[in-house]
Each structure stands twice: as structure tokens, then as C-alpha cells.
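For reference, the structure discussed in these notes is given below.
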Amino acid sequence: MNRVPLAERMRPQSLDEVIGQDEIIGDGKILTEIVKKAEPVNLIFWGPPGTGKTTLARILAHEYAADFVELSAVTAGKKDIEAVVERAKTNWNLRARTVLFVDEIHRFNKAQQDAFLPHVESGLIILIGATTENPSFEVISPLLSRSRVVVVSALKKPDILQVLRRALEAENATKRVTDEALEYIADLSGGDARSALGDLELSLNLAKKVDKGVVETAVGKKMPLYDKSGDYHYDNISAFIKSMRGSDVDATLYYLARMVQSGEDPKFIARRMVIFASEDIGLAGNGALNLAVSCFQAIERVGMPEGGIILSHVAVVLAKAKKNRETYDGWARAQAVANKSMGCPVPTWLRNAPTKLMKDLGFGEGQKWEAGFHLDKSYLPEEIAHEKIFGVKSDYNHNEK
């Protein structure tokens, strides 16, 4: 039995062997061009687990003929960083390059990331970081400005199947696994090649002939990749909201199901639906807000899993409803106008006049206590009487996070 995991044995050794990642590998694509020019670049690989970030870093280091040093931000400390710097200085004196790969670079705090800066700037270290989190939020600006961010995408199902079939050929096990089993492993992988290869290896160890049933026994039920405070959380809720906004009922239900099955807080989903009902439906369906609020209250009282039925019911209604953003745009416009005119006095004729002196000064002048009473002049302060607030399209973009 080979002690080296299958995923490690199948790790590509060159860019030509990498499956998928067509957006960054190939003629005219960034990684291929970097290798052709033989000019090392500081890089931040951003993408989900099992997409080849470490593999790409190793390939680049090999292409640069550089000393490859790998650190994990989970376990590395100050002494580890200092040791890398000393090693890089030795390499520098020998006219050799040093590539430092920092896995999960977002786990390093600001001070730790700052420690790399002078050595990255001087060229002593070629830094390649890998992160599953948005580097805009997790990597310090000075380091980010000195690096290229490269998005490494989750592999598509055909890519995962190609990875699996290549592994079976390498292991002389092509006839041991049914096509249905391979399809099932690919479906479970979520675009993670390492996970898929691990599932395949475990299944091969359990039985001489691997069918879907063997895979189910080996793998069990996998929880989907989901982080309630990370990008996956925000990406899914964003997709859910945009699907309702686009009136795509199928996508609305799909992303709702993904969130619920991943253990997302149903009250968080319901809160977003309340906001959506006012923000995107607004005057086109005044009942939508009451329905969404009722949904939130029902979730509090009923709980899960039955609450999923309620979420589904209301989400479909919101998705199918006509959309109108006049009240949202009006509110955004009102805030913008108010923000620049807070010092403008309220017109005297709109103010209360509880004393004779105030009446003599014109406070409340011309007002009548009658329903629908209106004076034919602007109710806005004189300085902004020309402003139009309602009915003006806003360019304000709501941050769904």
C-alpha cells in the first residue's frame, strides 16, 4: 500500500499537465506568459480548496529554477519567517532565487504580513500566497499592491472526471470503477480535485469493484462548503437576492436550498427577504413587505425544518412579484440631499407656533388644520427648493454584506 496519498501522487508537475484553469493557463494567459518571460512575479492565488493553488506555486518555482519554501499561516510563527529570510539571503549570495509560498496567507495578522514587505520590495523573496478568502479584505494593502491577484476557479465536473480517469489510468484501476461511481464522486467534489481523489482512493481501498454504493459507504454524506462569515456565505445570499431580483424562481429556490442545507441561520435569510420586499418590490406590491415580515415571525415561532417550507413559499412570491425601486431610490436620494443641507432652516411657515410671538413672526403662517390641506409652494427649505427627490433614479449600490 502506497503511503503517499493519491492526490499527492497525481499532482501535476508542469502547467501543461494542469486540468482546467483555462482562464489563467494557455496562450496569452497570465501564468503561461509569466513562465515564458521567466520574470518572477509576486502572486496571490485566490480560490476555493482543492483547485491547485499549491500545485501552481510549486510549478512556478520549478520554472523559475528557484528554491521553494512552503509555510502554512496556520502553524508558522515569527521564527519560521526569520528562518526563511536567512535562507533567502544565503540563496541571494549564491545568485539563486527564493520562492516563498504561504498557504492560507489570510491567517497571518497584519504584523506578520508586514514582515514580508521589505524582502518582497527588495526582491529577496518572490512571494506566492494562497487564500480562500477575498484578498481585498484579508491581505494588507501594501502587500496586495506589490502582487498580482490570480483567481483560481473551482473545477467543473468534466474537469473533475478527467482528473479521476487520469488517476485510474496511473493506478491501473480503470476497470475497477463504474462510470456511475465516477459521476457520483465528481458530483460530491464541489469542484475540489483533492477531495475527489481522496474519495476515489478510499473507495478503491474498500472494494475490488467500486460502484455508487461503495462510494456512498466510503464517503457518507458530505456537508457542502460553507462559511457563515466568509465569502461562501456572502456569495450565496447575493446569488439568492439577485435571483429574486431577476425573477428567476428556479435559481431562487436553488440558492435558498443551498443555504438551508448548509446550516445558514434561517432568520438571516428571512431578514434579507424583508429588506428585499421593500427595496426591490416596494410600490409594485405593498403586501410583499407584510408577507416577508410574517415569514420572519413564522420562522421564529415554527423553526426548522418546517420553516424551510415557509421560506420557500415567500421566496417564490417575492421572485414572481413585479419590481419597483422608487421608494428605495427616493430614500437614497433623500439621504444624499439631506446630508449636504443639514444646516438649512425649516421654512417658518412649516414650524409650530405655540406662542403669540411666534405667530407674529410668521411661524405656521397660512396653515389650516384640514385633511389634505396644501399650500402652493415648495415645502423644502428655500436653499434646496429646486431639488427633486422622489422619482429620481439613484446610483447608490446597496452592500448586501
Fill in the blank from the handout: Across (1) farther than 23 Å from S145 by Cβ; (2) open to solvent by 80 Å² or more (accessible area, probe 1.4 Å); (3) more than 27 Å from the chain's Cα centre (by Cα), D22 clears everything bar (3)
Practice task
Give just the number: which of (1) out of contact with any Cys (no Cβ under 9 Å at 6 or more places or on another chain); (2) assigned to a helix (DSSP H, G or I); (3) open to solvent by 90 Å² or more (accessible area, probe 1.4 Å) does H313 not satisfy?
Solution key: (1)
Problem - Pairs, first within 14 Å of V346 (Cβ to Cβ) in segment 362-379, second not aliphatic (A, V, I, L, M), C-beta under 6 Å, six or more apart - result: G362/T348; F363/T348; F363/R351; E365/W349
Exercise for the section: Please verify whether segment 158-170 includes one or more residues that are open to solvent by 40 Å² or more (accessible area, probe 1.4 Å), touching a Gly at 6+ places or on another chain (Cβ under 6 Å) and assigned to a helix (DSSP H, G or I). Expected result: no
Fill in the blank from the handout: Of L291, L318, the only residue that is at pLDDT 95 or above, open to solvent by less than 10 Å² (accessible area, probe 1.4 Å) and either within 20 Å of A257 (Cα to Cα) or assigned to a helix (DSSP H, G or I) (or both) is L318
Completion exercise
Restricting segment 178-201 to residues that are in contact (Cβ under 8 Å) with a residue 60 or more places away in the chain and polar (S, T, N, Q), the one least open to solvent (accessible area, probe 1.4 Å) turns out to be S189
Practice task
For segment 249-262, indicate whether the set of residues that are modelled with pLDDT under 90 and under 30 Å from E387 (Cβ atoms) is non-empty.
Solution key: no
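Can you tell which of E63, E82, E86 is in contact with a helix residue (DSSP H, G or I) (Cβ under 8 Å, 6 or more places away or on another chain) and open to solvent by 80 Å² or more (accessible area, probe 1.4 Å)? Talk me through it step by step, then tell me what you get.
Working: E82 fails: in contact with a helix residue (DSSP H, G or I) (Cβ under 8 Å, 6 or more places away or on another chain); E86 fails: in contact with a helix residue (DSSP H, G or I) (Cβ under 8 Å, 6 or more places away or on another chain).
Sole residue among the options that is in contact with a helix residue (DSSP H, G or I) (Cβ under 8 Å, 6 or more places away or on another chain) and open to solvent by 80 Å² or more (accessible area, probe 1.4 Å): E63.
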Exercise for the section: Answer yes or no as to whether T32 is of a type outside the set (K, R) and crowded, with 17+ Cβ neighbours inside 10 Å. Expected result: no
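Got a number for residues in segment 261-283 being closer than 21 Å to R245 by Cα, open to solvent by 50 Å² or more (accessible area, probe 1.4 Å) and not hydroxyl-bearing (S, T, Y)? Before you say what the answer is, go through the steps one by one.
At the first step, the residues of segment 261-283 found to be closer than 21 Å to R245 by Cα are 264, 266-283.
Of the ones still in play, those that are also open to solvent by 50 Å² or more (accessible area, probe 1.4 Å) are 267, 271, 275, 278, 283.
Next, from what is left, pick out any that are not hydroxyl-bearing (S, T, Y): 267, 271, 275, 283.
Summing the residues that are closer than 21 Å to R245 by Cα, open to solvent by 50 Å² or more (accessible area, probe 1.4 Å) and not hydroxyl-bearing (S, T, Y) in segment 261-283 gives 4.
One residue is enough: does segment 44-58 have a residue meeting the conditions of a type outside the set (S, T, Y), buried (at least 18 other Cβ atoms within 10 Å of the Cβ) and over 23 Å from the mean Cα position of the chain (by Cα)? So that I can check it myself, show each step before the final result.
From segment 44-58, those of a type outside the set (S, T, Y) are 44-50, 52-53, 56-58; that's our starting set.
Subset that is buried (at least 18 other Cβ atoms within 10 Å of the Cβ): 44-47, 50, 52-53, 56-58.
Narrowing further to those that are over 23 Å from the mean Cα position of the chain (by Cα): 58.
Looking through segment 44-58, at least one residue is of a type outside the set (S, T, Y), buried (at least 18 other Cβ atoms within 10 Å of the Cβ) and over 23 Å from the mean Cα position of the chain (by Cα).
The values are calculated or read from the model by the stated rules, or taken from the named source; none is laboratory data. The structure displayed is predicted, hence computed values, not measured ones. For neighbour counting, all protein chains shown are included, and Cβ atoms are generated from backbone atoms with ideal geometry for every residue, glycine included. To get the accessible areas, we keep the full protein, side chains included, count just its heavy atoms, and leave off ligands, DNA and RNA. Shrake-Rupley method; radii C 1.70, N 1.55, O 1.52, S 1.80 Å.
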